[in-house]
Amino acid sequence: MTTPSSATTSSPSAAPASGIPGRRGSAGPVGLVLGAGFSVQFGAALAVSLMPRAGALGVVTLRLIAAAAILLVVCRPGLRGHSRADWGTVVVFGTAMGAMNGLFYQAADRIPLGAAVTLEVLGPLALSVLASRRALNAVWAALALGGVFLLSGGGFGHLDPAGVAFALGAGAMWAAYIVFSARTGRRFPQADGLALAMAVGALLMLPLGVAESGSKLTDPTTVALGAAVAVMSSVLPYTFELLALRRLPASTFAIMMSLEPALAATAGFLILGQALSAVQAAAIAMVIAASMGAVRTQTRRGEPSLPPEA
């Protein structure tokens, strides 16, 4: 997976540009990233089970509105003292967050959760490979494509084409989310930027959610389940990741995020009964290996995972 650039920073709390932190320094942020991964994927599985009640866009809307309300109350972000660049960063972050969620839930409504996340990972992975421009990364790209070929069974005939397209679109937004999450974390204290970005994403998704689900969004049971999804898939993981990115090298973060397809497949099996065939499991393993290999290649070369922030 691609990661935010650590080549430039704007505060002392930003993550170091390279190197692996010591055990004592890394245990906290590593635990945060692992906790975020488990929380977001099991939250996604819960969201899929909620979609028959409120629709994919309705679930996204409930999730973002509930998450924004919680974060705004807890963080109480200040609105003054920020530059135009600060606000531009948080608006782009919120837009990417809303689009990522909307596209991914549309995909998860059409194809199995493990397959959706595996395809979603390709966006950040492709950006990471292209940013590096190292010959060895062509091997990792080929391995990832081989995994996708296995997952598709030689063609996506057994997977909904629209679901595949939505998952790939979500992947592009995932890359943007990682970049602007780190930038927002450097520009805003604590989780203030996250709270503001979540509000932006919620406002963008609200018209779409209302158009699809209408009065279903006011059903008490649906609202309660949507709030649970918000906590599991937005509040906890986004906060954990934002805090982790301040102290964890980008390369380490990327390697850990590469495990998302495996976590998604586990959640899909335990909660939704979406079992994987041996070929599908091998395909997911190939994409995970390609993501890790691409990141490790860049780390050994001392390169940032993305071009420096302008």
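The values are calculated or read from the model by the stated rules, or taken from the named source; none is laboratory data. The shown structure was predicted, so the numbers you read here are calculated from the model rather than taken from an experiment. Virtual Cβ from ideal backbone geometry, glycine too; neighbours counted across all protein chains shown. Accessible surface areas use protein heavy atoms only, side chains included; no ligands, DNA or RNA. Shrake-Rupley method; radii C 1.70, N 1.55, O 1.52, S 1.80 Å.
Do you know which of the residues in segment 215-233 that are small (G, A, S) and open to solvent by less than 50 Å² (accessible area, probe 1.4 Å) is farthest from A44 (Cα to Cα)? Selected residue: A227. Only one of the numbered conditions (1) open to solvent by 50 Å² or more (accessible area, probe 1.4 Å); (2) over 27 Å from G185 (Cα atoms); (3) not aliphatic (A, V, I, L, M) is not met by R76, and that is (2).
Results for (1) under 18 Å from the mean Cα position of the chain (by Cα); (2) in a helix (DSSP H, G or I); (3) of a type in the set (A, V, I, L, M, F, W, C); (4) farther than 23 Å from L50 by Cβ, shown as yes or no for each residue.
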| residue | (1), (2), (3), (4) |
| --- | --- |
| R186 | no, yes, no, yes |
| G201 | yes, yes, no, no |
| L225 | no, yes, yes, no |
| L236 | yes, yes, yes, no |
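Just one of the listed residues (A264, A282, A289) is crowded, with 21+ Cβ neighbours inside 10 Å, modelled with pLDDT of 75 or more and either of a type outside the set (D, E, K, R) or assigned to a helix (DSSP H, G or I) (or both), and it is A264. Taking every residue in segment 91-113 that is farther than 13 Å from M51 by Cβ and pairing it with any residue that is in a loop (DSSP other than H, G, I, E, B) and polar (S, T, N, Q), at least 6 positions away or on another chain, the pairs with Cβ-Cβ distances below 9 Å are P112/Q274.
Looking across segment 38-69 at every residue that is modelled with pLDDT of 90 or more and over 16 Å from Y105 (Cβ atoms), the one that is surrounded by the fewest Cβ atoms within 10 Å (Cβ to Cβ) is identified as A69. Counting the residues of segment 164-178 that are farther than 14 Å from N101 by Cα and either touching a strand residue (DSSP E or B) at 6+ places or on another chain (Cβ under 6 Å) or buried (at least 24 other Cβ atoms within 10 Å of the Cβ) (or both) gives 0.
With the requirement that a residue be β-branched (V, I, T) and open to solvent by 30 Å² or more (accessible area, probe 1.4 Å), what does segment 28-37 give you?
Going residue by residue through segment 28-37, those that are β-branched (V, I, T) are 30, 33.
The one that is β-branched (V, I, T) and open to solvent by 30 Å² or more (accessible area, probe 1.4 Å): V30.
Looking across segment 155-169, the residues that are farther than 15 Å from A283 by Cβ and either of a type in the set (A, V, I, L, M, F, W, C) or modelled with pLDDT of 90 or more (or both) come down to A162, G163, A165, F166, L168, G169.
To keep it simple, each residue is scored yes or no on (1) touching a residue at least 60 places away in the same chain (Cβ under 8 Å); (2) among the β-branched types (V, I, T); (3) within 22 Å of M292 (Cβ to Cβ); (4) open to solvent by 60 Å² or more (accessible area, probe 1.4 Å).
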| site | (1), (2), (3), (4) |
| --- | --- |
| A141 | yes, no, yes, no |
| H158 | no, no, no, yes |
| R183 | yes, no, no, no |
| R187 | yes, no, no, yes |
| A195 | yes, no, no, no |
| S213 | yes, no, no, no |
| V235 | yes, yes, no, no |
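On inspection, A197 qualifies as assigned to a helix (DSSP H, G or I) and modelled with pLDDT of 85 or more.
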